[in-house]
Amino acid sequence: MEDAFLLMRALKGDRGAFTQLYDRHSAGVFGYALRIVRERSAAEDVVQETFVGLLGGRRYDSGRPFTSWLLAIARNAAIDLLRRRKTRREVGAEEELLSHPAQSGPDTDAREMVETALRGIPDEFREAVWLCDGMGLTYQEASEVMGCETGTVGSRVARGRKLLKEQFARAGHEV
């Protein structure tokens with residue numbers, strides 16, 4: 001079923017529709033939130049606030065991609081959480097995830113290499129690269145999530161990719 005239809009059903013009290021939306025999008029929201037708040041428990045709080053926000057009357061424009069709308073809610077929830085907790089974004093939850101990988105082998109090594117490189121670039125570039133390359137959003141969708149112009153997203157992605165290449169080169173990896 002389409003996300004917009006599921007949302008409409010969820011807003012009318014259909015728990016099954018809400019569960020489908022949650023099952024479909026919670027992992028992506030969690031991954032995105034984790035990159036902002038950098039703490040597993042805080043990211044879980046953001047996921048909860050995001051999905052509660054779906055039912056809280058936030059208006060959805062069906063002409064807009066559902067995922068970018070949902071991630072914009074998640075971004076706002078994450079920023080609000082950081083403000084409330086006055087946390088500093090120094091310790092990455094990525095380190096916790098990397099210390100408990102779901103699998104081992106070449107894919108895990110590559111993922112660790114990318115995660116390490118991502119931690120080495122500024123937040124605005126990391127977010128743009130993650131949204132476009134990691135989550136597969138278009139520049140337009142990412143601009144809606146980030147609250148900036150499409151051209152700005154494109155510039156940040158290009159600069160972020162360049163910075164990632166520099167991180168890989170410094171670590172002795174070929175790109």
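Just so you know, all these numbers are worked out from the coordinates, no wet-lab data involved. These figures come from a predicted structure and were not determined experimentally. FYI the Cβ positions are ideal-geometry reconstructions off the backbone, even for glycines, and counts take in every protein chain you see.
Annotations for the structure displayed:
- Of 48, 77, 26, farthest towards positive along the dipole that unit charges on Lys, Arg, Asp, Glu beta carbons give the stretch 1-89: 77
- Dipole moment magnitude, nearest 20 debye, the stretch 103-175 about Cα centre, only Lys, Arg, Asp, Glu C-beta charged: 280 debye
- Principal-axis analysis of the Cα atoms of the chain puts helix 106-119 at an angle of about 90° to the longest axis.
- Normalised by 2.2 N^0.38 Å, with N the number of residues, the alpha-carbon radius of gyration of the stretch 1-89 equals 1.07.
- Per-pair calculated FRET efficiency, R0 = 35 Å: residue 158 and residue 62 via Cβ, rounded to 0.05: 0.65
- Which of 146, 113 has the fewest Cβ neighbours within 10 Å, and the rest in rising order: 113, 146
- Point-charge dipole on Cβ atoms (K/R +1, D/E -1) for the chain, about Cα centre, debye to 20: 560 debye
- In order along the stretch 67-78, phi translates into HN-Hα couplings of 4, 5, 5, 5, 5, 5, 4, 5, 4, 4, 5, 5 Hz, rounded to whole numbers, per the Karplus curve 6.51 cos²θ - 1.76 cosθ + 1.60 with θ = phi - 60° and x for Gly and Pro.
- Across the stretch 128-143, rounded Karplus estimates of 3J(HN,Hα) from the backbone phi angles (6.51 cos²θ - 1.76 cosθ + 1.60, θ = phi - 60°) give 5, 5, 5, 5, 7, 8, x, 9, x, 6, 6, 4, 4, 5, 5, 5 Hz, Gly and Pro being marked x.
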